[in-house]
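Undergrad: Take this structure, written in structure tokens, and hold onto it; I'll ask about it next.
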Amino acid sequence: MTEDRESLSRGDFAHAVRKDVDSALSTYDHHPHGDYTPAAFRHYIRRIALLDALAGLEFRSALDVGCAEGYFMALVRERFGVDVWGVDLSPVALAKAHYKHGLTVAAADATRLPFADGSFDLVYSTEVIEHVLDPDLMVAEMRRLARRTVLVTTPVSQTEDEHEPDFELRAEGHVNNFDPATVRRLFGPQATLGSFRCNATLAMIVGAGRYLPAGARDVFYRLDHRVSQRWGAPTHRVKPLRNRDWLITVPGLGGAAGAATAPAAAADDPQWRCPACHGPLQGDAQQQAGQPSEHEQSLRCASCGAVYAVAGGVPDFFEAVTPPSAL
């Protein structure tokens with residue numbers, strides 16, 4: 001695979017990421033489920049930051065872009081009592097989300113989401129955009145779908161040359177380096193830029209806190225979040241107080257004009273749509289309502305004729321079985 005971003009095939013790269021994640025998740029879980037897992041301490045820190053940020057928002061429906069096995073989806077559904085849908089590249093991850101948590105999920109590319117404009121009040125994504133070759137397209141898609149708010153978390157680049165893009169997927173697969181200027185350019189002047197995970201308190205968690213019993217370790221996680229929010233900053237001149245993750249919110253653009261600031265209204269029922277043209281899909285009524293039948297094997301776009309497979313109750317919009325006849 002070439003090291004030049006512009007010459008990379010978007011399709012080939014997405015296939016490589018999908019294969020890599022499927023292979024990894026066949027043997028372990030990316031996110032913790034049930035019992036506490038010290039190795040997944042970053043996810044617990046992110047959970048505190050995400051739930052804290054969402055507590056200040058008003059929403060009745062949400063989409064998780066890059067939902068993995070549905071860990072955050074299940075948390076948001078439980079904590080806020082809202083309808084949460086999810087998309088991810090990995091069929092292995094989605095099967096776990098569907099069967100373990102009963103979540104409504106589908107395979108899809110973050111730059112081509114299978115929904116109509118303004119389908120959700122909230123669209124959020126945690127630690128995904130750094131893996132996407134075209135983050136501007138991902139942000140545009142998320143804002144297209146969100147009536148109210150888009151929320152994204154992603155690692156902070158603490159130096160301009162922190163790492164080279166990992167196009168070969170040799171390590172974590174990060175292909176973007178998000179410094180303050182890049183974040184502002186991506187999300188625009190309306191975005192609120194926050195951050196979390198502080199160098200000093202994170203070191204305490206890594207060294208000791210994550211291994212302690214439940215009550216004691218949670219003190220470390222909460223301390224990290226509070227210190228990060230009160231004293232930390234991505235570009236703090238004191239390195240121990242530099243934060244390591246962005247938490248970015250920006251108004252959605254979906255639905256009617258002014259929807260992002262309009263009073264709360266009952267959310268429309270989301271439906272899967274063709275990612276190629278956003279046309280309606282024909283198939284089992286349960287699938288169209290977000291509860292895929294275990295018996296239907298495909299969904300067909302009524303507008304462009306593209307056909308998408310359904311496996312184990314999870315639609316796969318990553319690639320059409322039958323390409324669109326006309327767009």
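The values are calculated or read from the model by the stated rules, or taken from the named source; none is laboratory data. A quick note: this is a predicted structure, and the numbers were derived from the prediction, not measured. Note that each Cβ is placed from the backbone with ideal geometry, even for glycine, and that neighbours are counted across all protein chains shown.
Undergrad: Sort out which residues of segment 9-22 are farther than 22 Å from residue 72 by Cβ and of a type outside the set (A, V, I, L, M), and write them in order of number.
TA: Hits for segment 9-22 are 9, 10, 11, 12, 13, 15, 19.
Undergrad: Every residue in segment 72-89 that is assigned to a helix (DSSP H, G or I) and under 22 Å from residue 42 (Cβ atoms), please. Don't jump to the end; show me each part of the working.
TA: So the first thing to find is which residues in segment 72-89 are assigned to a helix (DSSP H, G or I), and the list is 72-80.
Hits for segment 72-89 are 72, 73, 74, 75, 76, 77, 78, 79.
Undergrad: Among the residues of segment 197-214, are any closer than 30 Å to residue 5 by Cα and either among the acidic types (Asp, Glu) or without any contact (Cβ under 8 Å) to a residue 40 or more places away in the chain (or both)?
TA: No, segment 197-214 contains no residue that is closer than 30 Å to residue 5 by Cα and either among the acidic types (Asp, Glu) or without any contact (Cβ under 8 Å) to a residue 40 or more places away in the chain (or both).
Undergrad: From the list 25, 63, 51, which one is of a type outside the set (Phe, Trp, Tyr), under 25 Å from residue 193 (Cβ atoms), surrounded by fewer than 22 Cβ atoms within 10 Å (Cβ to Cβ) and under 18 Å from the mean Cα position of the chain (by Cα)? I'd like the intermediate steps shown before the answer.
TA: Values: 25 fails: under 25 Å from residue 193 (Cβ atoms); 63 fails: surrounded by fewer than 22 Cβ atoms within 10 Å (Cβ to Cβ).
Being of a type outside the set (Phe, Trp, Tyr), under 25 Å from residue 193 (Cβ atoms), surrounded by fewer than 22 Cβ atoms within 10 Å (Cβ to Cβ) and under 18 Å from the mean Cα position of the chain (by Cα) holds for just one of 25, 63, 51, which is 51.
Undergrad: OK, next. Identify the single condition in (1) surrounded by 24 or more Cβ atoms within 10 Å (Cβ to Cβ); (2) under 25 Å from residue 58 (Cβ atoms); (3) touching an Asp or Glu at 6+ places or on another chain (Cβ under 9 Å) that residue 88 does not satisfy, given that it satisfies every other one.
TA: (2)
Undergrad: Turning to a different aspect of this structure: From the residues in segment 167-185 that are of a type in the set (A, V, I, L, M) and more than 23 Å from residue 21 (Cβ to Cβ), which one is modelled with the lowest pLDDT?
TA: Going through the qualifying residues, I end up with 181.
Undergrad: Looking only at segment 53-71, decide whether some residue is within 17 Å of residue 143 (Cα to Cα), outside any helix (DSSP H, G or I) and polar (S, T, N, Q).
TA: Scanning segment 53-71 turns up at least one residue that is within 17 Å of residue 143 (Cα to Cα), outside any helix (DSSP H, G or I) and polar (S, T, N, Q).
Undergrad: Among the residues of segment 25-46, is there at least one that is under 24 Å from residue 143 (Cα atoms) and not small (Gly, Ala, Ser)? Before the answer, list the steps.
TA: To start, the set of residues in segment 25-46 that are under 24 Å from residue 143 (Cα atoms) comprises 46.
Then drop every residue that is not not small (Gly, Ala, Ser), which leaves 46.
Yes, the conditions are met somewhere in segment 25-46.
Undergrad: A follow-up question, please. For segment 114-149, what are the residues that are farther than 17 Å from residue 83 by Cβ and assigned to a loop (DSSP other than H, G, I, E, B)?
TA: Hits for segment 114-149 are 117, 127, 128, 132, 133, 134.
Undergrad: Sticking with this one: Against the definition (modelled with pLDDT under 90 and either exposed (fewer than 14 other Cβ atoms within 10 Å of the Cβ) or not aromatic (Phe, Trp, Tyr) (or both)), how does residue 163 come out, yes or no? It would help to see each step written out before you state the result.
TA: Values: modelled with pLDDT under 90: yes; either exposed (fewer than 14 other Cβ atoms within 10 Å of the Cβ) or not aromatic (Phe, Trp, Tyr) (or both): yes.
Yes; evaluated as a whole, the condition is true for this residue.
Undergrad: Taking the condition under 22 Å from residue 320 (Cβ atoms), in contact with a Gly (Cβ under 7 Å, 6 or more places away or on another chain) and buried (at least 20 other Cβ atoms within 10 Å of the Cβ), does residue 146 pass? Reasoning before the result, please.
TA: On the way: under 22 Å from residue 320 (Cβ atoms): no; in contact with a Gly (Cβ under 7 Å, 6 or more places away or on another chain): yes; buried (at least 20 other Cβ atoms within 10 Å of the Cβ): yes.
For residue 146, the condition - under 22 Å from residue 320 (Cβ atoms), in contact with a Gly (Cβ under 7 Å, 6 or more places away or on another chain) and buried (at least 20 other Cβ atoms within 10 Å of the Cβ) - is not met.
Undergrad: Separate question: Does residue 153 satisfy being farther than 22 Å from residue 111 by Cβ and at pLDDT 95 or above?
TA: Details: farther than 22 Å from residue 111 by Cβ: no; at pLDDT 95 or above: yes.
Against the criterion (farther than 22 Å from residue 111 by Cβ and at pLDDT 95 or above), residue 153 does not qualify.
Undergrad: When you scan segment 173-218, how many residues do you find that are out of contact with any helix residue (DSSP H, G or I) (no Cβ under 9 Å at 6 or more places or on another chain), surrounded by fewer than 19 Cβ atoms within 10 Å (Cβ to Cβ), of a type outside the set (Gly, Ala, Ser) and part of a helix (DSSP H, G or I)?
TA: Going through segment 173-218 one residue at a time, the tally reaches 2.
Undergrad: Something else now. Just checking, does segment 257-264 include any residue being surrounded by 14 or more Cβ atoms within 10 Å (Cβ to Cβ), among the aliphatic types (A, V, I, L, M) and at pLDDT 90 or above?
TA: Filtering segment 257-264 for residues surrounded by 14 or more Cβ atoms within 10 Å (Cβ to Cβ) gives 259-260.
Still in the running and among the aliphatic types (A, V, I, L, M): 259-260.
From what is left, the residues that are at pLDDT 90 or above are none.
No, every residue in segment 257-264 fails to be surrounded by 14 or more Cβ atoms within 10 Å (Cβ to Cβ), among the aliphatic types (A, V, I, L, M) and at pLDDT 90 or above.
Undergrad: Moving on to the next point. Inspect segment 90-105 for any residue being of a type in the set (A, V, I, L, M), over 30 Å from residue 189 (Cα atoms) and not in a helix (DSSP H, G or I) and give the result as yes or no. Before the answer, list the steps.
TA: Applying the first criterion (of a type in the set (A, V, I, L, M)) to segment 90-105 yields 92-95, 97, 103, 105.
Applying the additional criterion that residues be over 30 Å from residue 189 (Cα atoms) yields 92-95, 97, 103, 105.
From the residues that got through so far, the ones that are not in a helix (DSSP H, G or I) too are 103, 105.
Taking every residue of segment 90-105 in turn, at least one turns out to be of a type in the set (A, V, I, L, M), over 30 Å from residue 189 (Cα atoms) and not in a helix (DSSP H, G or I).
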